[in-house]
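Rule-based calculations on the coordinates, nothing more; no lab input. The shown structure was predicted, so the numbers you read here are calculated from the model rather than taken from an experiment. Here Cβ is always computed from backbone atoms with ideal geometry, including for glycine, and neighbour counts include all displayed protein chains.
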Ligand SMILES: CC(C)(COP(=O)(O)OP(=O)(O)OC[C@H]1O[C@@H](n2cnc3c(N)ncnc32)[C@H](O)[C@@H]1OP(=O)(O)O)[C@@H](O)C(=O)NCCC(=O)NCCS
């Protein structure tokens with residue numbers, strides 16, 4: 001996922017708001033979980049959020065997500081956020097976290113990942 005940090009993303013210190021970064025991480029985790037599980041999935045658990053350096057408005061933000069473990073219904077996803085200052089070309093690693101998403105059916109009940117249920121990738 002790549003996009004420009006917009007003025008509406010700013011916090012009181014002039015950098016990108018931490019809550020906005022968490023929303024982006026949830027969005028990319030959701031996209032990967034739904035794509036992988038071929039159906040709806042919900043956020044179950046968030047761990048190890050590390051804000052390493054601030055992002056500035058106008059930076060090109062990039063998020064990368066990968067599945068590091070699958071259970072019967074759950075997907076453990078590692079997410080990294082980086083940013084590029086487009087004027088200088090300097091790229092910084094800004095944030096990382098781990099999230100667990102659970103595949104659910106239309107009624108919100110857990111559903112099996114079936115053939116996609118691989119213990120580790
Ligand atoms: C998601 C939900 C259906 C799961 O039901 P549940 O009975 O609580 O689920 P379980 O405790 O059996 O856990 C389900 C899976 O998540 C895993 N899991 C649960 N807590 C975990 C944790 N802290 N760390 C890692 N994995 C975890 C379990 O190991 C299990 O994995 P598996 O089936 O692959 O073995 C239910 O908790 C729910 O609806 N939660 C609300 C979700 C939500 O509103 N999210 C925010 C908006 S999207």
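Beta bridges from DSSP with both residues in the chain: antiparallel share about 100 percent, rounded to the nearest 5. Between residue 34 and residue 2, the C-beta separation translates, for a Förster distance of 22 Å, into a calculated FRET efficiency of about 0.70. The Cα atoms of region 18-121 give a gyration tensor whose axes a ≥ b ≥ c have a/c of 1.5 or more with a/b greater than b/c, which makes the shape prolate. Note on residue 116 and residue 53: the extension gain reaches 19.2 nm, defined as 0.36 nm multiplied by sequence separation minus the Cα-Cα distance.
Dividing the Cα radius of gyration of region 45-90 by 2.2 N^0.38 Å, with N the residue count, gives 1.51.
For a modelled paramagnetic label at residue 88, 7 Å from Cα along Cα-to-Cβ, the residues of region 1-15 in reach, with backbone nitrogen under 16 Å, are 15.
The calculated FRET efficiency for the pair residue 72 and residue 27, based on their C-beta separation and a Förster distance of 35 Å, comes to about 0.90. Relative to the longest principal axis of the Cα atoms of the chain, the long axis of helix 18-37 makes an angle of roughly 30 degrees. Helical runs assigned H by DSSP (4 residues or longer) give the chain a calculated mean residue ellipticity at 222 nm of -5500 deg cm²/dmol, each run adding -39500 (n - 2.57) before division by the residue total. Under conditions of 20 °C and 1.002 mPa s, region 2-46 yields 179 µm² s⁻¹ as its translational diffusion coefficient, taking Rh as the Kirkwood radius over Cα pairs in the Stokes-Einstein equation.
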